[in-house]
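Below you'll find the structure, written out as structure tokens, and then a few comments.
The values are calculated or read from the model by the stated rules, or taken from the named source; none is laboratory data. Keep in mind the model is a prediction, meaning the values are calculated, not measured. Glycine also receives a Cβ, built like all others from the backbone with ideal geometry; neighbour counts cover every protein chain displayed. Each accessible area value is taken on the protein alone, full model and side chains, heavy atoms only, with ligands, DNA and RNA left out. Shrake-Rupley method; radii C 1.70, N 1.55, O 1.52, S 1.80 Å.
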Amino acid sequence: MSNRKPVLCVVTSHPIKGASGAPTGFYLAELTHPLKVLEDAGIATVIASVRGGQPPIDGFDLSDPVNAMFWNGTDFQHRLATTPALSALNGADYAAVFFAGGHGTMWDFRENFDVQRIIREVYESGGIVSAVCHGPAALVDARLSNGEYLVKGKNLAAFTNKEEEEVQATTIVPFLLETALRDQGALHHEAPNWSENVVTDGRLITGQNPASAHGVGVALVNAIQSAN
């Protein structure tokens, strides 16, 4: 449908895991896998980042065929190098927003005014809010115009405390994502570490970890197509 709004895909601009000094960024497959599902369905996408320009990449694995296809066979590298900043965008222009994960999100998604604004604008204009892995950091402090937390009382999935423990990052990240979401009233659903887990609650679609990225894309396409 030519008049369908595009999907806004948002990645972190934060390159360092806090005091550890270890490099991070957005996790490549958590962007490319949903992107492929969306674009295969004929849905236009816009890749944006918190600050604009080239975002830092983590999980750069070209043995992943989807990563390799985007990196070597499309204009994906140019799209990344020229991402618009969220401050320049209006959430009402998009059918959905998708927040990719990667540890960088834990430093610049949660408290960012434009992240919160975009979420509110997308959701309150009837759009879909989605995220995977650490991407739901964007949802922690997001409020609707009535002051309620978007996640309050909603079913969702996100990177779990047990997964954070397994990657030995619990003392590195500024907060534990699962705990923070629960503190805002979210109904967090946990699957075993690294297994696919996608949860849809109305116009909120979330996935637990990298294995859930493709499934979030599928759920997002289904939701967009059923809304048209």
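Residues that are in contact with a helix residue (DSSP H, G or I) (Cβ under 8 Å, 6 or more places away or on another chain) and buried (at least 17 other Cβ atoms within 10 Å of the Cβ) within segment 151-171 comprise V151, L156, A157, A158, F159, T160, E164, listed in sequence order. Exactly one residue out of G101, G18, G42 is in contact (Cβ under 8 Å) with a residue 40 or more places away in the chain and over 15 Å from the mean Cα position of the chain (by Cα): that is G18. Of the residues screened, G126 is not one that is under 30 Å from E148 (Cβ atoms), touching a Cys at 6+ places or on another chain (Cβ under 6 Å) and assigned to a loop (DSSP other than H, G, I, E, B). Residue count for segment 82-91 satisfying the condition of being open to solvent by 40 Å² or more (accessible area, probe 1.4 Å) and either touching a residue at least 60 places away in the same chain (Cβ under 8 Å) or more than 13 Å from T12 (Cα to Cα) (or both): 4.
Is it the case that segment 50-63 has a residue that's open to solvent by less than 20 Å² (accessible area, probe 1.4 Å), touching a Phe, Trp or Tyr at 6+ places or on another chain (Cβ under 8 Å) and not in a loop (DSSP other than H, G, I, E, B)? Looking through segment 50-63, none of the residues is open to solvent by less than 20 Å² (accessible area, probe 1.4 Å), touching a Phe, Trp or Tyr at 6+ places or on another chain (Cβ under 8 Å) and not in a loop (DSSP other than H, G, I, E, B).
Could you check how many residues of segment 10-56 are within 17 Å of N112 (Cβ to Cβ), β-branched (V, I, T) and in contact with a Pro (Cβ under 7 Å, 6 or more places away or on another chain)? Within segment 10-56, residues that are within 17 Å of N112 (Cβ to Cβ), β-branched (V, I, T) and in contact with a Pro (Cβ under 7 Å, 6 or more places away or on another chain) number 4.
When A19, A41 are checked against the criterion of being over 22 Å from E121 (Cβ atoms), modelled with pLDDT under 95 and open to solvent by 10 Å² or more (accessible area, probe 1.4 Å), A19 stands alone in meeting it. Candidates in segment 171-228 are the residues that are hydroxyl-bearing (S, T, Y) and in a strand (DSSP E or B); of these, the one that is nearest to A158 (Cα to Cα) is T206.
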